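The structure appears below as C-alpha cells.
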Amino acid sequence: MFLLDVALTGKRQVGRDMFVISMDAPEIAASVRAGQFVNVGWSRGPLLRRPFSVYRTDGERIEIVLKAVGEGTAELLAMNPGDRLSCLGPLGHGFGISSGPKTVVLISGGLGVAPMPLAAREAHSLGMRVSWVHGARSASDLCSESAGDEVVWATDDGSKGFGGTAVAAAPDADLVLACGPNRMLAAVADRWPGALVAVETYMGCGTGVCLGCAVPLKRGGYDRACSEGPVYRASDVDWPSLPSHLPYAVTA
Amino acid sequence: MSVAVGGVSLRGPVLAASGTFGYGTEIPLLERRALGGMVSKGIFLRPRKGTAPPRIAETPSGMLNAIGLQGPGVEALIRDYAPKWAEWDFPVFVNINGETAAEYGELAARLDGVPGVSGLEINISCPNVEQGGLYFGNDPRAAAAVTEAVRRRTRLPVWVKLTPMVSDIGVIARAVEAAGADALCAINTFVGMSMDLNTYRPRLSFRTGGLSGPAIRPLAVHLAHQAARAVRIPVIGIGGIVRAEDALEFLVAGCTAVQVGTATFVNPCAIAEVHDGIGAFLRAKGLASISDLPRYLPRD
C-alpha cells in the first residue's frame, strides 16, 4: 500500500459521460493486480476519498475510469493535466488470476469495465483465450475501448450488438469474471456460482478500519469490500442484502 | 510533548480515537512514533454482527456512520489483539460497551490485569435496556452508575467518553467524575440523519448515524471546553480534528490531550501530521513544552 502525491497526466472520453483519467503513480503501476483499486482524494475535494478500480497501467502511469454522477466525480473531471491528486493503493484483493483455465469470459456492465483491461492482460499473459462482454443500457452508454480475442456487445435497447443483458449474451468459459451493478452480479451468481465478481459498495477509508463497506455474506455476517474484497466468489454474497445504488461512480 | 492523562503517561498528546483505528493492526502506513496512544474499536462481552449496509453516508465536511459496534467480543479481543498490544511502545485503551451497567462491570473485570490493556474508555452512548433504551450518557445517574460499576471491578485507569446529545454536558461530566472517572473524553459523535432523494428513505439502513468530521469541530470544542470547566480531572478533546491547529484549539480550550478519528480515514498519516504540527507550533511560539501552552479555562 502506497500513499502518493501524484500528477494527473491525461483525460480521454470513452463513452457518453464516461472518461478515463491517468496519473503518474509508479509504485502502484508496478504492483497492482486486476480487480484491485485506489482511493483518490484531492484538496478542496469532498471529505472522503473516492475508490476506483485500476483500469489500465502504462509504464509508470495508472488509469481509472469514471462518470460524473456526483459533485466529487464532477470535480475530478474538471481537473487538468498537472493538477495534483492523493492516491492510496493498491487496495483490496483482486481477481487473483492464475494459470489453469484455458478460457476466460469478462462480463462488464456500464462502469464495470473498470477492472477488465488489467484482467484481460493478466489472462493473456497466462495463455488464456479472452472473451469480453460489454453491457449497457444503449449503444452510447458503452465503453468504446475493449480488449480480448472476442468482444461481444449487449444493450438493453438493442441499439448495438445483442439485445438484452450482458449476462444473457455471455458465452461459457473455464473462468468467469464480472463487474457491474450488483443486480447484474446477482444474475451472474445464478448462472455461474463460481464466478469471481468485483462488488460495488459505499466506502470510507479503504484500509479496513471504518467497517463502512460491509458486504453481507450468505454464511452470515459481513466482511469488508476494501480488505477481504472487493472480489468475491459470486455465490458467497447475500445479494438481496447488498444495496445497489451509489451516489458516486464506484466499481471498486 | 509527553502528557499525563487520567492515570497514564503518554509520550505525546495525540491518540487514535475508537472506531477509526480498528485494533491498531490494520493501517500499515502509520508512523507509530507519533502515537500518544490508541483506543480500540468498541467491544461488547459477546461478538456483534453490526448493522446492514449502507452504513456510511458522506455529508458536508463530515460523515454519518452506523456500524453497529461490529466486533468479535471481549474473549477474542483478549486472545487475538492484547498480546500484540503488550509488545507496543504506546498504551492501548479498550473502548467498552454494554446494555446494562452490570455488563460494563463484567467487561472491566475481564480486562483487568490483561497484559497489553493499559486502560478502559467507557462508551456511555449506548442504550440502557433496563431503562427502556434511554441512553446511559443522557442521564447523570445512569452515567454515574456505569462508571461506578466499572470503577469497582478494575484497577485500570478509567476514561469516560461523553455524548454531545445532552442539554448540559457539565452535569454529566461532574457525575462521572464523582463516580471515579480518571479522565473524560469529549465528545462522541452527534446523532444525525440524511435522506436519499431517489429512494425517499434514509441514506443509512439504521436510519440515523453518528456525525463526525470537521463539520462538528466548533461544537466539539465548545462541549470539551464546557466539560473541562466543570471538572478537575483531565479532558481529552475529540471532534473533527484534521490538522495540528484543530488539535491546538482543543488544547487551548482546556483539554490535556486529543483523539484523532475520521481524519485517519482520509489520510492514514493524519495522526503523525497533527503530532508533528503541534511540536512545530510550540517551537514557533517559543514554548518549551505542551504544559506551557496557555489555556483559556475561566472558573466562574
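The values are calculated or read from the model by the stated rules, or taken from the named source; none is laboratory data. In this text the structure is predicted, and so the values were computed from the model without any measurement. Glycine gets a Cβ as well: all are built from the backbone with ideal geometry, and neighbour counts include every protein chain shown. Please note that ligands, DNA and RNA were not included when accessible areas were found on the heavy atoms of the full protein model with its side chains. Shrake-Rupley method; radii C 1.70, N 1.55, O 1.52, S 1.80 Å.
In chain B, the DSSP-assigned H stretches of four residues or longer account for a calculated mean residue ellipticity at 222 nm of -8500 deg cm²/dmol, using -39500 (n - 2.57) per stretch and the full residue count as denominator. For the set A:218/B:161; B:41/B:84; A:102/A:160, the pairs lying more than 25 angstrom apart at their alpha carbons are A:218/B:161; A:102/A:160. The convex hull defined by the C-alpha atoms of the range A:93-169 has an orientation-averaged projected area of 4.8 nm². Here the contact order of chain A, divided by its residue count and restricted to Cα pairs under 8 Å and six or more residues apart, works out to 20 percent.
Seen from all directions on average, the range A:23-65 presents a Cα convex hull projection of 3.1 nm². Neighbours of residue B:146, meaning other residues whose beta-carbon lies under 14 angstrom from its beta-carbon, give a summed charge of -3 when Lys and Arg score +1 and Asp and Glu score -1.
Other residues within the sphere of radius under 14 Å centred on the Cβ of residue B:284, judged by their own Cβ, net out at -1 (K and R +1, D and E -1). As a calculated quantity, the FRET efficiency between residue B:199 and residue A:190 at R0 = 30 Å, using C-beta atoms, amounts to about 0.75. To put it simply, the accessible area of the range B:115-185 at a 1.4 Å probe is 50 percent carbon and sulfur. Calculated on the Cα set of the range A:167-252, radius of gyration then Dmax: 12.5, 39 Å. Size descriptors for chain B, from the alpha-carbon set: Rg then Dmax equal 18.0, 56 Å. Which of rounded, prolate, oblate describes the range A:85-128, given a ≥ b ≥ c as roots of the alpha-carbon gyration tensor eigenvalues and a/c under 1.5 marking rounded, otherwise prolate only if a/b is larger than b/c? Oblate. In the range B:1-41, which residues become less accessible by 10 Å² or more once every protein chain is in place, relative to the chain on its own, using a 1.4 Å probe? The answer is B:19, B:22, B:26, B:27, B:28, B:29, B:41 - residues whose exposure falls by at least 10 Å² when every protein chain is included. Using θ = phi - 60° and the Karplus relation 6.51 cos²θ - 1.76 cosθ + 1.60, list the HN-Hα couplings for the range B:154-159 in order, rounded to whole Hz, with x at every Gly or Pro. Per-residue couplings from phi come out as 8, 9, 5, x, 10, 9 Hz.
Here is the interface size for A with B: some 2400 Å² of accessible area buried, both sides summed, with a 1.4 Å probe.
The calculated FRET efficiency for residue A:84 paired with residue A:3, based on their beta-carbon distance and R0 = 22 Å, is about 0.95.
For the range A:106-252, take the convex hull of the Cα atoms, compute a quarter of its surface area, and give me that in nm², please.
8.7
For the range A:120-211, the per residue solvent-accessible surface stands at 37 Å², with DNA, RNA and ligands left out and a 1.4 Å probe. Dimensions of the range B:123-279 from C-alpha coordinates, computed as largest minus smallest value along each principal axis and given longest first, are 47, 45, 26 Å.
Take each peptide in A:174-183, B:194-203, count the other Cβ atoms within 10 Å of every residue, and average; sorted highest first, the result is A:174-183, B:194-203.
Under a model in which nothing but the beta-carbon of Lys, Arg (+1) and Asp, Glu (-1) is charged, chain B shows a dipole of about 120 debye around its Cα centre. If R0 is 41 Å, the Cβ-Cβ spacing of residue B:88 and residue B:219 corresponds to a FRET efficiency of close to 0.80. Here, the range B:216-261 is characterised by an Rg to Rh ratio of 0.92, where Rg is the alpha-carbon radius of gyration and Rh the Kirkwood radius.
The local environment of residue B:204, defined by Cβ-Cβ distances under 15 Å, has a net charge of +2 under the rule Lys, Arg +1 and Asp, Glu -1. Per residue of peptide B:258-269, the mean number of Cβ atoms on other chains within 10 Å of the residue Cβ is 4. Per residue, the Cα convex hull of the protein assembly as shown amounts to 147 Å³.
Give me log10 I(q)/I(0) at q = 0.15, 0.20 Å⁻¹ for the range B:1-104, Debye formula, one equal scatterer per alpha-carbon, no solvent. Rounded to two decimals, the profile gives -0.74, -1.15.
Calculated accessible area for chain B comes out at 40 Å² per residue, all protein chains present (probe 1.4 Å; ligands, DNA, RNA ignored).
Amide H contacts of residue B:59: B:64, each under 5 Å away and 5 or more positions distant or on a separate chain (H built 1.01 Å from N in the peptide plane; Pro and chain starts excluded).
Along the range B:47-60 the Karplus relation, 6.51 cos²θ - 1.76 cosθ + 1.60 evaluated at θ = phi - 60°, assigns HN-Hα couplings of x, 10, 6, x, 8, 6, x, x, 9, 10, 8, 7, 9, x Hz to successive residues, with x for each Gly and Pro.
Tell me, what % of the accessible area of chain A is carbon and sulfur with a 1.4 angstrom probe? Carbon and sulfur together cover 48 percent of it. Residues whose amide H lies under 5 Å from that of residue A:223, counting only those 5 or more places away or on a different chain, are A:215, A:217; hydrogens are built 1.01 Å from N in the peptide plane.
Between the range A:100-147 and the range A:1-38, what's the alpha-carbon centroid distance in Å? Each part's Cα centre sits 18 Å from the other's. Computed from the alpha carbon atoms alone, the convex hull of chain A holds 110 Å³ per residue.
A crude spin-label estimate for the pair residue B:25 and residue B:9, with each label 7 Å from Cα along the Cβ direction, gives 3.0 nm.
Along the positive direction of the dipole of the protein assembly as shown (beta-carbon charges: Lys, Arg +1; Asp, Glu -1; about the Cα centre), which of A:147, A:32, B:149 reaches farthest? Ranked along the dipole, the leading option is B:149.
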